[in-house]
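The values are calculated or read from the model by the stated rules, or taken from the named source; none is laboratory data. Note that the coordinates shown come from a computational prediction; the quantities given were computed from them, not determined experimentally. Note that each Cβ is placed from the backbone with ideal geometry, even for glycine, and that neighbours are counted across all protein chains shown.
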Amino acid sequence: MIGLSAAWRARERGMSVTVLERDTIAQGTSRVAAGMLAPVAEVEFGEAGRRILELGLRSAEIWPAFASALEEVAGTDVGLMKTGTLMVARDDDEARELDRQIAFRESLGLRAERLRPSEAREREPALTPTVRLALEAPEDHSVDPRLLLAALRSACESTGVRLREHARALRIDTNDARDRVAGVTLSCERGIEKLTAPQVLLAAGAWAGQIEGLPEHARVPVRPVKGQLLRLRDPAGPGLLRRVVRFAGGYLVPRADGRYVLGATMEERGFDTRPTAGAIHELLRDAHELVPGVSELEIEELCVGLRPGTPDNAPAIGAGAIEGLTWAAGHHRNGILLAPLTADLVLEALRSERPVNPLLLACAPTRFTASQPRPGPARSPSESVAV
């Protein structure tokens, strides 16, 4: 999602763009994402939480225009549903915590409404009568990542982005002084190949830290965070839920066609993508307690994805510590939400000698090291970019 969004926007601005995909485009973590656009529901305490909130609110603002432009170019729908989000407490302990969360959002000036149980069930009748309390975030919406990825691929192809599948980036090549990007060494069906490019965008998700070639001071620590979820289908069609419903430990995200995404675990298991019975049992048990009708849905797919996390779980976006290297990685749980904004920030970083956008400064990849990005020459919009 991040790589394709940036590639499409860069090509629209006249750059020559090649996307290197290790497997098949749109078959990785973005494909199994739930697609929540939820800066209000996702906000967390602490400095990093405030930073992510600022990014999320800004990206949520530009999402409708991004979706509209993409649909026009691709000629397909991206499944944007503007129905809001409910955060629900199932017992007294959860209600006390939700009250704390409501007060926190009010202190930040966020739009969120405290709902009595009867009000929550009026909005979503499928909720269990034992619901204790709810918070409604009316501007937290959702999108269908699979429709979105298909549209992005179509937009990239129609605008002239070169998409290379089964082309795994092995190493970022640099000059002899190791202070300037020279291109990428990749493994493809023809063997080992070198791709020359004056600009490289590192948008490899959870694998961003696995690509070789960068000096230690120029690397960003990105780790995989495992998530398991279920895709469910209502044979009767849509209607069980209209809004995204979030609860302690999970969420239910409706699609327009009667499908639902139930997720998701948060596991520090490295690159392990094996599904486990215990995790799925807990998701189904918790969802059934909240929305009993879930038990009537058909299980369509069990999915496992790897979120890319940084030490502070905020993304690394912008110029790296060596000239010609730009990062767009470490989006953790917010890759779908932050994709439009990330694409805009990447374009600014690619074209600007010294970006001064405070959002770029807040996401600086160099915050994890003592190094600062090297100033480079002003960049021409015709320059090529490897993603």
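LEU302 - would you say it is buried (at least 22 other Cβ atoms within 10 Å of the Cβ) and on the phi < 0 side of the Ramachandran plot? Full working, then the answer.
Values: buried (at least 22 other Cβ atoms within 10 Å of the Cβ): no; on the phi < 0 side of the Ramachandran plot: yes.
When the stated conditions are applied, LEU302 does not pass them.
Within segment 244-266, track down each residue that is hydroxyl-bearing (Ser, Thr, Tyr) and free of Cβ contacts under 8 Å to residues at least 40 places away in the same chain. Quick ask: steps written out before the conclusion?
So the first thing to find is which residues in segment 244-266 are hydroxyl-bearing (Ser, Thr, Tyr), and the list is 251, 260, 265.
Hits for segment 244-266 are TYR260, THR265.
Give the residues of segment 273-290 that are surrounded by 15 or more Cβ atoms within 10 Å (Cβ to Cβ) and hydrophobic (A, V, I, L, M, F, W, C), sorted by residue number.
Hits for segment 273-290 are ALA279, ILE280, LEU283, LEU284, ALA287, LEU290.
Return yes when GLY75 is at pLDDT below 95, on the phi > 0 side of the Ramachandran plot and within 26 Å of the chain's Cα centre (by Cα) and no when it is not. Write out each step before concluding.
On the way: at pLDDT below 95: no; on the phi > 0 side of the Ramachandran plot: yes; within 26 Å of the chain's Cα centre (by Cα): yes.
So GLY75 does not fit the description; no.
Checking ARG178 against (1) in the same structural domain as GLU165 (by TED's automatic domain parsing); (2) in a loop (DSSP other than H, G, I, E, B); (3) touching a residue at least 12 places away in the same chain (Cβ under 8 Å); (4) out of contact with any Pro (no Cβ under 6 Å at 6 or more places or on another chain), only one condition comes out false. Which one?
(4)
A quick yes/no check of all residues on (1) modelled with pLDDT of 95 or more; (2) of a type outside the set (Ser, Thr, Tyr); (3) touching a Pro at 6+ places or on another chain (Cβ under 9 Å); (4) buried (at least 17 other Cβ atoms within 10 Å of the Cβ):
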position	(1), (2), (3), (4)
ARG307	yes, yes, yes, yes
ASP344	yes, yes, no, yes
ARG351	no, yes, yes, yes
ALA378	no, yes, no, no
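Can you tell me how many residues in segment 291-327 are in contact with a His (Cβ under 7 Å, 6 or more places away or on another chain), under 17 Å from ILE211 (Cα atoms) and not hydrophobic (A, V, I, L, M, F, W, C)?
Initially, segment 291-327 is screened for residues in contact with a His (Cβ under 7 Å, 6 or more places away or on another chain), giving 294-295, 307-309, 313, 315, 321.
Pick out the ones that are also under 17 Å from ILE211 (Cα atoms) and you get 307-309, 321.
Add one more test, that the residue is not hydrophobic (A, V, I, L, M, F, W, C), and what stays is 307-309.
Result for segment 291-327: 3.
Here are the criteria: (1) at positive phi; (2) among the small types (Gly, Ala, Ser); (3) touching a residue at least 12 places away in the same chain (Cβ under 8 Å). Tell me which single one ALA197 does not satisfy.
Here ALA197 clears every test but (1).
Quick one: is SER59 crowded, with 16+ Cβ neighbours inside 10 Å, farther than 23 Å from ARG259 by Cα and within 12 Å of the chain's Cα centre (by Cα)? Walk me through it before giving the result.
On the way: crowded, with 16+ Cβ neighbours inside 10 Å: yes; farther than 23 Å from ARG259 by Cα: yes; within 12 Å of the chain's Cα centre (by Cα): yes.
For SER59, the condition - crowded, with 16+ Cβ neighbours inside 10 Å, farther than 23 Å from ARG259 by Cα and within 12 Å of the chain's Cα centre (by Cα) - is met.
Go through segment 267-304 and report how many residues are within 20 Å of the chain's Cα centre (by Cα), touching a residue at least 60 places away in the same chain (Cβ under 8 Å) and assigned to a loop (DSSP other than H, G, I, E, B). Please lay out each step first, then the result.
Step one: filter segment 267-304 for residues within 20 Å of the chain's Cα centre (by Cα), giving 267-273, 302-304.
After this cut, where a residue has to be touching a residue at least 60 places away in the same chain (Cβ under 8 Å) as well, the list is 271, 302-304.
Among the residues that remain, those that are also assigned to a loop (DSSP other than H, G, I, E, B) are: 271.
Here the count works out to 1.
Among the residues of segment 150-172, which ones are touching a Ser or Thr at 6+ places or on another chain (Cβ under 9 Å) and either closer than 30 Å to PRO292 by Cα or surrounded by 22 or more Cβ atoms within 10 Å (Cβ to Cβ) (or both)? Before the answer, list the steps.
Here is the first cut: in segment 150-172, the residues touching a Ser or Thr at 6+ places or on another chain (Cβ under 9 Å) are 150-152, 154, 160-172.
Matches in segment 150-172: ALA151, LEU152, VAL161, ALA169, ILE172.
Can you spot a residue in segment 88-108 that is surrounded by fewer than 15 Cβ atoms within 10 Å (Cβ to Cβ), farther than 29 Å from LEU57 by Cβ, within 24 Å of the chain's Cα centre (by Cα) and touching a residue at least 40 places away in the same chain (Cβ under 8 Å)?
No, there is no match, as no residue in segment 88-108 is surrounded by fewer than 15 Cβ atoms within 10 Å (Cβ to Cβ), farther than 29 Å from LEU57 by Cβ, within 24 Å of the chain's Cα centre (by Cα) and touching a residue at least 40 places away in the same chain (Cβ under 8 Å).
Output the residues belonging to segment 254-294 that are out of contact with any Lys or Arg (no Cβ under 9 Å at 6 or more places or on another chain), aliphatic (A, V, I, L, M) and closer than 20 Å to LEU127 by Cα.
Matches in segment 254-294: ALA256, LEU283, LEU284, ALA287, VAL291, VAL294.
Just for segment 1-39: of the residues that are among the β-branched types (Val, Ile, Thr) and part of a strand (DSSP E or B), which one is surrounded by the most Cβ atoms within 10 Å (Cβ to Cβ)?
As a first pass, look at segment 1-39 and keep what is among the β-branched types (Val, Ile, Thr): 2, 17-19, 24-25, 29, 32.
Among the residues that remain, those that are also part of a strand (DSSP E or B) are: 17-19.
Values: VAL17: 27, THR18: 17, VAL19: 24.
Filtering segment 1-39 for residues that are among the β-branched types (Val, Ile, Thr) and part of a strand (DSSP E or B), the one surrounded by the most Cβ atoms within 10 Å (Cβ to Cβ) comes out as VAL17.
Exactly one condition in (1) more than 28 Å from ARG233 (Cβ to Cβ); (2) within 16 Å of the chain's Cα centre (by Cα); (3) of a type in the set (Gly, Ala, Ser) is not met by GLY335; state its number.
(1)
Only one of these is at pLDDT 95 or above, part of a strand (DSSP E or B) and β-branched (Val, Ile, Thr): ILE336, ILE317. Name it. Working first, answer last.
Values: ILE336 fails: part of a strand (DSSP E or B).
Matching residue, one of ILE336, ILE317: ILE317.
With VAL78, VAL73 as the choices, which residue is under 29 Å from PRO238 (Cβ atoms), in contact (Cβ under 8 Å) with a residue 60 or more places away in the chain and not in a helix (DSSP H, G or I)? Reasoning before the result, please.
Details: VAL73 fails: not in a helix (DSSP H, G or I).
Just one listed residue meets the conditions, VAL78.
What number of residues within segment 257-272 satisfy the criterion of being out of contact with any Phe, Trp or Tyr (no Cβ under 7 Å at 6 or more places or on another chain) and either surrounded by fewer than 14 Cβ atoms within 10 Å (Cβ to Cβ) or under 18 Å from ARG90 (Cα atoms) (or both)?
Our first condition is that a residue be out of contact with any Phe, Trp or Tyr (no Cβ under 7 Å at 6 or more places or on another chain); within segment 257-272, this holds for 257-262, 264-272.
With either surrounded by fewer than 14 Cβ atoms within 10 Å (Cβ to Cβ) or under 18 Å from ARG90 (Cα atoms) (or both) added as a condition, the list becomes 257, 262, 264, 268, 270-272.
Counting residues in segment 257-272 that are out of contact with any Phe, Trp or Tyr (no Cβ under 7 Å at 6 or more places or on another chain) and either surrounded by fewer than 14 Cβ atoms within 10 Å (Cβ to Cβ) or under 18 Å from ARG90 (Cα atoms) (or both) gives 7.
From ALA10, ALA26, which residue is under 15 Å from the mean Cα position of the chain (by Cα) and outside the structural domain of LEU229 (by TED's automatic domain parsing)?
Values: ALA10 fails: under 15 Å from the mean Cα position of the chain (by Cα).
Result: ALA26 is the single residue among ALA10, ALA26 that is under 15 Å from the mean Cα position of the chain (by Cα) and outside the structural domain of LEU229 (by TED's automatic domain parsing).
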